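Here the structure comes first, spelled out in structure tokens, and everything after it is commentary.
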Amino acid sequence: MHTSAVSPGRAALIVLLTGQMLPLIDTSITNVALDSITGSLHTSATQLELIVALYGVAFAVCLAMGSKLGDNLGRRRVFMWGVAAFGLASLLCGMANSVGALLAARTLQGMGAALIVPQILATLHVTLSGSARAKAISLYGGIGGIAFIIGQMGGGWLVSADIAGLGWRNAFFINVPICLLVLAMTRRYVPETRSDAPSRIDWRGTLLLALILCCLLFPLALGPELHWPWPTTAALLAVIPLALWMRSDAARQQQRGLQPLLPPRLLKLASIRFGILIALLFFSAWSGFMFCMALTMQAGMGMAPWQSGNSFIALGVAYFVSACYAPRLIARHATSTILLTGIAIQVLGLLALIATLTASGRVVGALALAPSTALIGYGQALIVNSFYRIGMRDIAARDAGAGSAILSTLQQATLGLGPAVLGGLFLHLLARSQGNYSSALSGFLAVEVVMMLALATAAVCGRQHLMPVCTDKP
């Protein structure tokens, strides 16, 4: 049961979707600004990985907590807390004069994003109904493509324009007035809603998840650069006992009728397990791809930030178009079929991109990248749309919130770890190719193709079992 005020109008929808775009745009802007940050703060490639990855890890760790806080304290209130924290963190990012300060501010940004995002879909769900809800959720699903385009183009222009000599800092400062505007409009137009049944927050599970992700992130990012000193190896090994501790603690909570962060009974479901596989293979590859492409185009090919940003327009447009049509396709076909179609289209795009890089040599223009990146973007949207539908099909209505939280947490965690894990692979390939970015990127893309083929193989092998679960036909 939920309490709600009057259904929100168009103004409220615009405010909520603008709030949703803030963390999505920021990811794109940060990738565009990486080379400029390197020149200003003298960062290493490993530190760049952490600048991208810490945001995603903080986002993942705090996501379930943000959802529960919204249920208990009011979704509008927690949404405003998140926007305020995100705006403050953006200001601190822009003011950072050291890598450490920037990493701390990026972590706070991720925490703010985790307070923002869960409130949006929940508010739309409980305050809208019928066709209005369907349209709003369709916009919610497709906004990622728009945010991607705005982030790439706007971020590239802001960094290249070097307004007031601030360079990459403007890519973060621009968030501050937008956050202030969203805060002012939220109080006026967005209704307050909360759950009638208070939700318990699993603080111990949240802390353990944070420790596990940090024990993965920092060794995998810093280990190769530091030649694997014993603390990095020890941190990696610590993941095993921490995971066992988290699992046993969750089992004890479940036996007492409590709701742990990652309920073991849900993790046993075939659909959730396949969702985990999609997250590990696809979302890590996606964030790793964006990181490596940004480094290659700016540091390797000498593109200006605005040129690098414009190179992804075709990908963003194709993603948006695909996201808008994906629900209709899924209504007619099994979700597993749409997933395999998305994987096939993305693999074609990756192979086309490898061919483009091979033919063009060390430098390639944005126009030459458009056909392959458009295929990649179109396929990505189909996979993303399939992810939640597949993951949620075995979930009972009473467990919908917990199941969605598991999938969202896994999605953000793998997006955060992708740049550290696959970025490390890219840097290794770059060293072996003696600084040839195009060659290193081609090698990285070949690894990504193998990951997508592994996901397709798993989908085909498990299709007979998944078919009754994943069919959304009327």
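Things worth noting here:
- Net charge contributed by nearby residues that have their C-beta within less than 15 Å of Thr18 (K/R +1, D/E -1): +3
- Phi angles of the range 411-425 translate, via the Karplus equation with coefficients 6.51, -1.76, 1.60 and θ = phi - 60°, into HN-Hα couplings of 4, 5, 5, 6, 4, x, 7, x, x, 6, 6, 7, x, x, 4 Hz per residue; Gly and Pro are given as x.
- Efficiency of FRET from Cβ geometry, Ala197 and Ala304, R₀ 51 Å, rounded to 0.05: 0.45
- Residues Ile163 and Ala454, FRET efficiency given R0 of 41 Å [Cβ-Cβ distance, rounded to 0.05]: 0.35
- Considering only Ser439, Pro229, Ala251, the residue lying farthest towards the positive end of the dipole of the chain is Ala251, judged by Cα position with unit charges set on Cβ.
- Computed [θ] at 222 nm, helices only, for the chain once each DSSP H run of length n ≥ 4 contributes -39500 (n - 2.57): -28000 deg cm²/dmol
- Length added when fully stretched, Val239-Ala396, from 0.36 nm per residue minus Cα-Cα: 53.4 nm
- Unit charges on C-beta of K, R, D, E only; dipole of the chain, Debye: 1300
- Of the peptides 364-375, 322-333, the order by per-residue mean of other Cβ atoms within 10 Å, starting with the highest, comes out as 364-375, 322-333.
- Listed values [x] 62, 55, 40; [y] 59, 53, 48; [z] 59, 46, 44 include one computed from this model; for Cα extents along the principal axes in Å that value carries the label [y].
- Annotation for the range 164-194 versus the range 32-92: alpha-carbon center distance of 14 Å.
- Alpha-carbon centroid distance for the pair the range 211-261 / the range 270-288, whole angstrom: 19
- Whole-percent carbon and sulfur share, accessible surface of the range 244-323, 1.4 Å: 63
- Shape of the range 207-317, Cα gyration tensor, a/c cut at 1.5: oblate
- Listed residues Leu54, Leu108, Ala96: farthest to the positive end of the dipole of the range 28-118 (Cβ charges): Leu108
- Per-selection Rg to Rh, the range 331-433 - Cα, Kirkwood hydrodynamic radius: 1.08
The values are calculated or read from the model by the stated rules, or taken from the named source; none is laboratory data. From a predicted model like this one, the values you see are computed outputs, not experimental measurements. Positions of Cβ are backbone-derived with ideal geometry, glycine not excepted, and every protein chain shown enters the neighbour counts. Areas reflect the complete protein model, heavy atoms only, side chains present, ligands, DNA and RNA absent. Shrake-Rupley method; radii C 1.70, N 1.55, O 1.52, S 1.80 Å.
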